[in-house]
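The values are calculated or read from the model by the stated rules, or taken from the named source; none is laboratory data. Source: prediction; values computed, not measured. Cβ atoms come from the backbone with ideal geometry, glycine included; neighbour counts cover every protein chain shown. We work out accessible area using only protein heavy atoms, side chains counted, and drop any ligands, DNA or RNA first. Shrake-Rupley method; radii C 1.70, N 1.55, O 1.52, S 1.80 Å.
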Amino acid sequence: MSESSPPNPTLDEAFIAGVRRLLEEGRREELARQLADLHPSDVADLLDDFSTDEKVALFSVLEADDAADVLVETDAETREDIIESVQPEKLRTALAELEPDEAADVIGELEPDEAADALAGLEDRDEIEQLLEYPPDTAGGLMTTEFVTLPAGATTREAIEQARGASETTHRNYLYVTDADSHPIGRLPIEKLVFSSPDTPVGDLMETDVHPVPTDMDREQVAEIVRRYDLLAIPVVDPASAAVKGIITVDNILDAADEEAAEDMYRLAGTGATDPLHQPILQRAMLRLPWLLITLVPGFLVGQIMRWLGYDPGGTTALLLFVPVMIEMAGNVSLQSSTIMVRGIATGDVRTSRTGSILANEMGVAILVGVACGLVSGAVGYIFFGRDIGFAVVIASSMLCGILSAAVTGTLIPLACTRVGVDPALASGPFVTSLNDITGTLIYLGLGAQLLHLFD
């Protein structure tokens, strides 16, 4: 694929429609040329706009090396769809083009039987199986075994010959100098070899600040070491023997740091997902629901405090005791939706062409969450307000409607901010909070009052 392609080419509705037309007309060669002009990450982004069958068809027209790069860049859900549906030979050919660490990342997400089939016949099978033994969020899970080591007594000429003899995927920015026990004792930037005499010992040129990390170190700690010492790569050693097992390159560190940042952001919002835009609706709802149910308790407590203070109205005005919990839940749901949208806009996962599907998915999650929270709220209303089934239904229905409204608000406001040129990260919070307070109160009290009259 073209390495000079811009990082964000025009994947607008017209371009997507053109790709869809070529796909429907079966013009594979022209379609392949269109995709070959894109960067692998942009092809992976493009696949999100198509159905599973269409994704597989698009993936099938790619050359082996291009297909391998796209497979690495896709999200877990799309990758699973492709792996389950594409021809086995096409998958094996693509995996064979990957570096061992990249192939391990892909195969590690498969079911055991699928992983065994994918590994069959791969040239780097032993290295991949070794890498699969390490948890993905550790240094061992990030490292690659494609690197060059040198003895301290080697000359510059010998180092260059060894670097030339390595495979195309071998990392060459640093060549690592090791002792007789394979302990990393120095690193040799490739530019020093170019400008040094051929007979110079590498021990005279090497830099000794290698900062090795054990295979079981958490990737966040590894990223901090790389950031602190401005390294392009870092050696990974066995915790027991301190022998070098692999290296982690800066591109893998950047990917890991980005995943950690996204994970922390989503956890802060209570979504509990690492990539919520690409997860099934039921899974997304189940990840959010525990935190939302927990936050119901403070809202109920506020209503109970109001009763303890003597404010214990009856009839329609009894709805006021549930206003705090309704507004609180609407705020939490909208915060989750807006966080996902702001992050998606920043990473390019959210585009205008996907607004409908994204909103539909968020509505699906909101319905599941709203039903669960509504049932809990209705049960509380039934128990504490004279076991009135009508009042319980009003509370449950109002909660569901309020959560649906909050999900729509949290989804659309970041998109609206982007459309008018305002940074959604700055503007979404105040707009979402203010609008939720207004719409939540109107929906809850307005709908609640009407339903109470109906039950009366």
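Below are the figures for this structure:
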{"item": "Accessible-area composition of the stretch 17-94, carbon plus sulfur, in percent [1.4 Å probe]", "result": "40 percent"}
{"item": "Cross-link partners of Lys55 among lysines (Cα-Cα below 21 Å; sequence separation of 8 or more within a chain)", "result": "Lys90"}
{"item": "DSSP-loop GluC sites (Glu not before Pro) across the stretch 75-160, with at most 12 other Cβ within 10 angstrom", "result": "Glu123, Glu133"}
{"item": "Residue-count net charge about Val148 - beta-carbon cut-off 12 Å; Lys, Arg +1, Asp, Glu -1", "result": "0"}
{"item": "Extended-chain gain in nm, criterion 0.36 nm per residue less alpha-carbon gap, Ser197 and Glu24", "result": "56.2 nm"}
{"item": "Spatial separation of Cα centroids for the stretch 203-244 and the stretch 131-186, in angstrom", "result": "12 Å"}
{"item": "In Å, descending, principal axis extents of the Cα set of the chain", "result": "96, 57, 45"}
{"item": "Rounded to whole Hz, the Karplus (6.51, -1.76, 1.60) HN-Hα couplings of the stretch 73-89, x for glycine and proline", "result": "7, 6, 6, 4, 5, 5, 4, 5, 4, 5, 5, 6, 10, 6, 5, x, 5"}
{"item": "Summed side-chain charge close to Ile83 - residues other than Ile83 whose Cβ falls under 9 Å, Lys, Arg +1, Asp, Glu -1", "result": "-4"}
{"item": "Listed peptides 373-381, 287-295 by packing density, highest first (mean Cβ within 10 Å)", "result": "373-381, 287-295"}
{"item": "For the chain: accessible area per residue (Å², 1.4 Å)", "result": "48 Å²"}
{"item": "Stretchable slack from Thr441 to Arg387, in nm (0.36 nm times residue separation minus alpha-carbon distance)", "result": "17.0 nm"}
{"item": "Surface share of carbon and sulfur [accessible, 1.4 angstrom probe, percent] for the stretch 146-187", "result": "44 percent"}
{"item": "The stretch 216-262: C-alpha gyration tensor shape, a/c 1.5 cut-off, then a/b vs b/c", "result": "prolate"}
{"item": "Fraction of antiparallel bridges per DSSP, the chain only, in percent to nearest 5", "result": "70 percent"}
{"item": "The chain: relative contact order in percent, alpha carbon pairs under 8 Å with at least 6 residues between", "result": "9 percent"}
{"item": "Gln283-Thr347 FRET efficiency (beta carbon distance; Förster radius 22 Å; 0.05 resolution)", "result": "0.65"}
{"item": "Vicinal HN-Hα couplings computed from phi for the stretch 126-132 (Karplus, 6.51 cos²θ - 1.76 cosθ + 1.60; Hz; Gly/Pro x)", "result": "4, 5, 5, 4, 5, 5, 5"}
{"item": "Dipole magnitude of the stretch 194-265 about its Cα centre (Cβ charges: Lys, Arg +1; Asp, Glu -1), debye to nearest 20", "result": "300 debye"}
{"item": "Degrees, to the nearest 10: 323-347 long Cα axis against longest axis of the chain", "result": "30 degrees"}
{"item": "Segment Leu426-Asn173, length gained on full extension (0.36 nm per residue, minus Cα span)", "result": "87.1 nm"}
{"item": "Nitroxide proxy distance, nm - points 7 Å out along Cα→Cβ at Ala163 and Ser357", "result": "4.5 nm"}
{"item": "Nearest-ten-degree value, helix 219-229 long axis tilted from longest Cα axis of the chain", "result": "60 degrees"}
{"item": "Local net charge near Tyr444, Cβ-Cβ under 13 Å (Lys/Arg +1, Asp/Glu -1)", "result": "-2"}
{"item": "Leu301-Glu220 FRET efficiency (beta carbon distance; Förster radius 51 Å; 0.05 resolution)", "result": "0.90"}
{"item": "Angle in degrees between helix 355-384 and the longest Cα principal axis of the chain, rounded to the nearest 10", "result": "50 degrees"}
{"item": "Peptides ranked, highest mean first, by Cβ atoms within 10 Å: ranges 406-414, 214-222", "result": "406-414, 214-222"}
{"item": "Whole-Å distance, taken between Cα centres, linking the stretch 31-84 and the stretch 348-410", "result": "36 Å"}
{"item": "Magnitude of the charge dipole, the chain, Cβ model with Lys/Arg +1 and Asp/Glu -1, debye to 20", "result": "2580 debye"}
{"item": "Nonlocal amide H pairs with Leu150, under 5 Å, H built at 1.01 Å", "result": "Tyr176, Val177, Thr178"}
{"item": "Amide H within-cut-off set for Lys245, under 5 Å, with H built and near neighbours excluded", "result": "Val236, Val237, Asp238"}
